[in-house]
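The structure appears right after this line, and notes come after that.
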Amino acid sequence: MTITPAHDAAALTIDLGALVDNWRTLRDRAATAECAAVLKADAYGIGLEPAARALDAAGCRTYFVAHLSEAARLRAVLLDAVIYVLNGLLPGTAPRFPDLGVRPILGSRAELDEWGAFCVLTGQRLPAAIHVDTGMNRLGLSVEEALALVSDPLLARFEPALVMSHLVAAEESNDPVNARQAVDFARVREAYPGVPASLANSSGIFHPGIPGYDLARPGYALYGGNPRPGSANPMRPVLTLEASIVQLREVGAGERVGYNGRWTAPGPRRLATLSLGYADGYLRSASTTDEGLENGLKTGVALVAGRPCPVVGRISMDLTILDVTDVPEVARGDRATLIGGALDVDEVGRRAGTIGYEILTGLGSRYERRYLDARPTALAR
Ligand SMILES: *Cc1c(COP(=O)(O)O)cnc(C)c1O
């Protein structure tokens, strides 16, 4: 699948066709709701601009980013899209929003006041979203504040273009917090007739108890993350991370491997040293140590010739050691796959003691990034 010159140290391949397919799957699943795309954190590490162009060509019209600087990057490639800034209105930044033609998501009385005053000053009812906190205690008006705002003259000063809330645990479908949030958000929504409403993230789109309303806001699932952990992943994998084998060596039983010698060869082993390390976003917490093994810890693996080979010893900044004893045909210069194929981002995250979201957004910037074009897939339809 990947077209990789053999001598690159490491390469990240991003399949924009899979990204677009995932967006279509989510759009179909969101049924009558419009399907937006969340492109914060450089489109979860895959690259904001290529992701935006591919999704725009597929028909995506509404986007969410976290920072105003990300909104500026996105506006430079998408001239007509609706763009929301999730992290809200920082003091003094209001003029930047109409300059870029983007919308803040207002989540506190202070932000509402500042936006309202700015609109009065400019003589325009500028669009903004209203964020309601239904359980996260992070951003947003309380449900009571949101209900009271309806009869506040402040609301007439700007255009409430969207009312939204964010789910705390949508990936845990049995968590009762989902139903509580749905009930609270339904009350808010009723108080804002005619204003589009948005509640679902990736997992929310698949949660039977979460109404789709008018706009879905998936991020993780677009990039191949599993929106229903524990069930088969309905999304296509979007990225493949590969690294080259720099050296092969034999070690005898009892030899120690890597910094501080934390892994001991249990017998004669053949090891491969890969040209990729934690500086590339391959987390050191995926290291395999004797202590971790005693505690039954699942740690990093890479695929060599399609077979899983465990990471051994501590992952270093630029290098990672694999036990390739079970792949006798492996040769210097061969590639190992760290993410991709049977190793999806969720699995890689679990093996590093974290979530796939952190793996994606921590992907390094040192290696070559290759984009497989979305167009052939789009034309084939
Ligand atoms: C990041 C984010 C999303 C996307 O969530 P995923 O779980 O990645 O689908 C949606 N809404 C808000 C408010 C977010 O911060």
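Coordinate-derived values only; no laboratory data. These numbers come from a predicted model, not from an experiment. We place every Cβ from the backbone using ideal geometry, glycine too, and count neighbours over all the protein chains shown.
Applying both filters, DSSP loop and at most 16 other Cβ atoms within 10 Å, to the GluC sites (Glu not before Pro) of region 274-330 gives GLU329. How large is the helix-only mean residue ellipticity at 222 nm for the chain, computed as the sum of -39500 (n - 2.57) over DSSP H runs with n ≥ 4, divided by its residue count, in deg cm²/dmol to the nearest 500? Helices in the chain give a 222 nm mean residue ellipticity of -8000 deg cm²/dmol. Against the chain, whose longest principal axis is taken from its Cα atoms, helix 177-191 shows a tilt of about 30°.
Length gained on full extension, GLU172 to SER69: 33.8 nm, using 0.36 nm per residue less the C-alpha separation. What the Cα convex hull of the chain gives, in volume per residue, is 149 Å³.
Placing a pseudo-label 7 Å from each Cα along the Cα-to-Cβ vector at GLU329 and LEU79 gives an inter-label distance of 5.3 nm. Taking a point 7 Å from the Cα of ARG249 along the Cα-to-Cβ direction, the residues of region 296-321 with backbone N closer than 16 Å to it are 312-321. Report the calculated FRET efficiency for ARG236 and VAL183 (r = Cβ-Cβ distance, R0 = 45 Å), to the nearest 0.05. In this case the efficiency is close to 0.85. The C-alpha atoms of the chain define a longest principal axis, and helix 16-29 lies at about 50 degrees to it.
In summary, region 205-303 shows an alpha-carbon radius of gyration equal to 1.55 times the 2.2 N^0.38 Å reference for compact globular proteins.
Amide H contacts for ASP334 (H built 1.01 Å from N in the peptide plane; partners 5 or more residues away or on another chain; cut-off under 5 Å): ILE245. Region 227-253 and region 115-192 have Cα centres lying 40 Å from one another.
Could you tell me which of ALA11, THR288, GLY88 has its Cα farthest along the dipole of the chain towards the positive end, charges placed at Cβ (Lys, Arg +1; Asp, Glu -1), taken about the Cα centre? Result: ALA11, furthest along the dipole toward the positive end. Among the trypsin sites (Lys or Arg not before Pro) in region 70-156, those located in a DSSP loop and surrounded by at most 13 other Cβ atoms within 10 Å of their own Cβ are ARG138.
If you wrap the tightest convex hull around every Cα atom of region 31-222 and split its volume per residue, you get 112 Å³. Short-range pairs are left out: with C-alpha atoms under 8 Å and at least six residues apart, the relative contact order of region 31-222 is 20 percent. Selection among VAL20, LEU121, ILE210 by position relative to the dipole of the chain gives VAL20 as farthest towards the positive end (Cβ unit charges, Cα centre). Expressed as an acute angle from 0 to 90° and rounded to the nearest 10, what is the orientation of the C-alpha long axis of helix 109-122 relative to the principal long axis of the chain? Between helix and principal axis, roughly 60 degrees.
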